[in-house]
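Each remark here refers to the structure printed beneath this line.
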Amino acid sequence: MGASYWSHFTSYQENIEQALHCLQVTVLATGDYYLACSPAERIAWLEKELARPFDEQFGFASHGDEETRDELHNQAIFDLKWLQDNPDPKVYADKLRQIEMINGFGTSTHSILDIYQVAAEPAFGSASPMSCEEQLAVFGTIKPTKELINENAELEALISLMERWTGRYVIIYKEDLPHEIWFCGVSGD
């Protein structure tokens, strides 16, 4: 499938980690992630794939002994059913990634659900702030508006510089006051 670019606006709040979490709840609820389905539909799809002969699943070749494979598959199905009753976005994304990594088909959600934390510097699975220098280079200001972001052609340059499995964020201003937070990122393989 390749990596996917994603971008979202959310209401401003001082606690960026909390803003990230709230946005993930919204993304999960709206199905705005890979396969664009509910956790229950994603679970049913994965269970169907896990029931197929191992070397036919997800287009990947078989690996490991049959007993280990069966144990991992049973754990994956258990985890997926648990997710259906506990659809917290961080838990869902974490479990989904664990299950897919164990089974060798780490597709991710190609969304902000692949971001687990806020960090000061770009890092795997983290959203980090754009520096003042980056904001000036891309937007021409350190107080960008939503309109400026929506109209900015320089975003292509920003996106092309981003590492996979990372996110960035910028405080968006309206009438010179913080109004929203814009998260963008690239995830998936």
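The values are calculated or read from the model by the stated rules, or taken from the named source; none is laboratory data. In this text, all values refer to a predicted model and were calculated from it rather than measured experimentally. Glycine gets a Cβ as well: all are built from the backbone with ideal geometry, and neighbour counts include every protein chain shown.
A few comments on the model shown:
- Of all residues making up the range 133-189, the number that are surrounded by 15 or more Cβ atoms within 10 Å (Cβ to Cβ), modelled with pLDDT under 95 and among the acidic types (Asp, Glu): 1
- Look at the range 139-163: where a residue is under 17 Å from Ser11 (Cα atoms) and a partner is assigned to a loop (DSSP other than H, G, I, E, B) and at pLDDT 75 or above, sitting 6+ places away or on another chain with Cβ atoms under 7 Å, you get Lys143/Asp176.
- Pairs with Cβ under 8 Å, 6+ apart, first in the range 1-29 and in a loop (DSSP other than H, G, I, E, B), second β-branched (Val, Ile, Thr): Met1/Thr107; Ala3/Val186; Tyr12/Ile171; Tyr12/Ile172; Tyr12/Ile181; Gln13/Ile181
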